[in-house]
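Here's the structure, in structure tokens; my notes come after.
The values are calculated or read from the model by the stated rules, or taken from the named source; none is laboratory data. Every value quoted in this text rests on a predicted model; they were computed, and no experiment measured them. Cβ sites come from the backbone with ideal geometry, for glycine too, and all protein chains shown count toward neighbours. These area figures cover heavy atoms from the full protein model, side chains too; ligands, DNA and RNA do not enter into them. Shrake-Rupley method; radii C 1.70, N 1.55, O 1.52, S 1.80 Å.
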Amino acid sequence: MMVLKFGAAWCSGCLVMKPIWAELEKELPWLVTEYYDYDESQVIADKYQVNEKLPTFIFLDKNDQEILRLQGEASKTELLKIITANKDK
Amino acid sequence: MLKYFAILLLSLSFLVMPVTSRAADQVTLYLFWQEGCPHCAAEEEFLADLLQKEPYKDRVNIQRYEISQPGTRQVLQQFTKKLNFQPAGVPITIIGDKYWIGFGESAGTDVAIRQQLDQELNNLPATEPTTDKKPLLVNLPLLGQVDFQAWSLPALTVVVGLLDGFNPCAMWTLLFLITLLLGMASKTRMWLLGSAFIVTSAVVYFIFMAAWLNFILFIGLVFWVRLFIGLVALGGGLWSLKKFRENKDGGCEINEAGDRRRTLNKLKQAVYNQNFLLALVGIVALAFTVNLVELVCSAGLPAVYTQVLAMNNLPSWQYYGYLLGYIFFFMLDDLLVFFIAMTTLRLTGISTKYSRWSSLIGGILMIIIALLLIFKPQWLMFG
């Protein structure tokens, strides 16, 4: 499983999510995540149709198929639950 | 409500009364009043009662002017120029060369008016009015006896200021500025630039609110202005509730990106300018622009607050004192975020979810104030 994280410097919700993801990535070293700044990664943002709200987190399976998409802020517990449930996908 | 109808009936009765010429032994009392103003209604009741008694009966001629009626302002201006005072509220009572702004039996205005009438009638020296106010004491659990009248306006200042402060519009600029500042080698430069942004933001807000307050005081407490502010507040409140309902997961709308990106680039240029003075000027100019533009985002909270403030007929120093208090609570979250970041060298953002809940509380508060402004303005006059 892989997580694509879309955020922007002008979005305070994205800034709030940064330390939460940093903690998760430290606790789950096997977790693969990629961060994309919305303003600098327009092509990939368009590809994944990120066009409503930031931050957006897209959970992909091994075949790069979207499992789940989260928009806005999420708690660490909520993210951990989703990651654990989809770990082997 | 009874007072409201009383003043309406009194006004109507005066409309149908035949106009009589003023006798030489009559004293003229000029009364500038406003529909819906409880102090005006109280004065009308007092005058109606007084004029039934000797020696005032048939010897006092009352000239009434409803403040929102065409031509009233011109008449009032003549008096304000002649007697050199600011018409900071209603009712305004003028007898000879004496005037009173506001009316309250507990404040002694009734006594002062009666004494002035006596003086005018008997050519006796005047007595200065007293300004003592009767407290409205309420027993509250834990807090004990609280003077409701004395604490209503300070409480409103704290609540509205804090709610306005949680408005995320200007906060994102500060957060981004902090991320830029945290990467700096010079701590002094970091503190100075950040403080310049915070101080300028506070000054811009203060200037805006003071200008708005003076505008309202200048045009007078006109019914149409109050109605307009009430409708703006109603719209702003409904918009805040809509935002609360729609933005359940917090987050930032992407359609806001364009303007913010431009601001960020300017912020970067300002912060990384080698010349400190130019950087400082850049930050101040940017803080000024951002806060002015983002004022729209506050959904009218400052405008509504200043309208309520203007209705309370306060001395100038109290008006500005309340505005400073509002600004302090408005800036409190920014100050906390800034000082925590500068001392720990780590950025702590305030979740947009808090902003969402402040939208709900702010929206409800705005709707309540809006309805009071339109239908029960006297409830917002705390003094």
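Here are the numbers for the structure shown:
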item: Given (1) within 14 Å of another protein chain (Cβ to nearest Cβ); (2) without any contact (Cβ under 8 Å) to a residue 24 or more places away in the chain; (3) in contact with a helix residue (DSSP H, G or I) (Cβ under 9 Å, 6 or more places away or on another chain), index of the condition B:Asn273 fails; result: (1)
item: Count of segment A:65-89 residues which are modelled with pLDDT under 90, under 14 Å from the mean Cα position of the chain (by Cα) and over 20 Å from A:Gly13 (Cα atoms); result: 1
item: Residues of segment B:48-72 satisfying the condition of being more than 18 Å from B:Ile113 (Cα to Cα), touching a strand residue (DSSP E or B) at 6+ places or on another chain (Cβ under 9 Å) and not hydroxyl-bearing (Ser, Thr, Tyr); result: B:Glu66, B:Ile67, B:Gly71
item: Matching residues, segment B:58-83, being basic (Lys, Arg) and within 16 Å of B:Ile95 (Cα to Cα); result: B:Arg59, B:Arg64, B:Lys81, B:Lys82
item: Single residue of segment B:150-166 satisfying the filter (open to solvent by 30 Å² or more (accessible area, probe 1.4 Å) and farther than 24 Å from B:Gln378 by Cβ) that is farthest from the other protein chains (Cβ to nearest Cβ); result: B:Leu162
item: Among (1) part of a loop (DSSP other than H, G, I, E, B); (2) surrounded by fewer than 12 Cβ atoms within 10 Å (Cβ to Cβ) - the single one A:Val50 does not satisfy; result: (2)
item: Evaluation of A:Phe59 against (1) surrounded by 14 or more Cβ atoms within 10 Å (Cβ to Cβ); (2) within 25 Å of B:Trp172 (Cα to Cα); (3) more than 14 Å from chain B (Cβ to nearest Cβ) (one fails), failing number; result: (2)
item: Filtered residue count, segment B:90-122, keeping only those that are open to solvent by less than 20 Å² (accessible area, probe 1.4 Å), among the β-branched types (Val, Ile, Thr) and over 28 Å from the mean Cα position of the chain (by Cα); result: 2
item: Filter result for A:Met1 (buried (at least 21 other Cβ atoms within 10 Å of the Cβ) and more than 8 Å from every other protein chain (Cβ to nearest Cβ)); result: no
item: Any hit, segment B:296-312, residues being under 30 Å from B:Leu372 (Cα atoms), among the aromatic types (Phe, Trp, Tyr) and assigned to a helix (DSSP H, G or I); result: yes
item: Number of positions in segment B:181-217 that are within 14 Å of another protein chain (Cβ to nearest Cβ), surrounded by fewer than 19 Cβ atoms within 10 Å (Cβ to Cβ) and either touching a residue at least 12 places away in the same chain (Cβ under 8 Å) or touching a strand residue (DSSP E or B) at 6+ places or on another chain (Cβ under 9 Å) (or both); result: 1
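Residue-wise test of (1) in contact with an Asp or Glu (Cβ under 6 Å, 6 or more places away or on another chain); (2) away from every other protein chain (no Cβ under 14 Å).
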position	(1), (2)
A:Pro19	no, no
A:Glu25	no, yes
A:Val32	no, yes
A:Ser41	no, no
A:Asp64	no, yes
A:Ile67	yes, yes
A:Gly72	yes, no
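To keep it simple, each residue is scored yes or no on (1) within 28 Å of B:Phe32 (Cβ to Cβ); (2) of a type in the set (Phe, Trp, Tyr).
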| site | (1), (2) |
| --- | --- |
| B:Thr188 | no, no |
| B:Ser195 | no, no |
| B:Thr200 | no, no |
| B:Phe206 | no, yes |
| B:Phe223 | yes, yes |
| B:Glu246 | no, no |
| B:Asn265 | no, no |
| B:Gln269 | no, no |
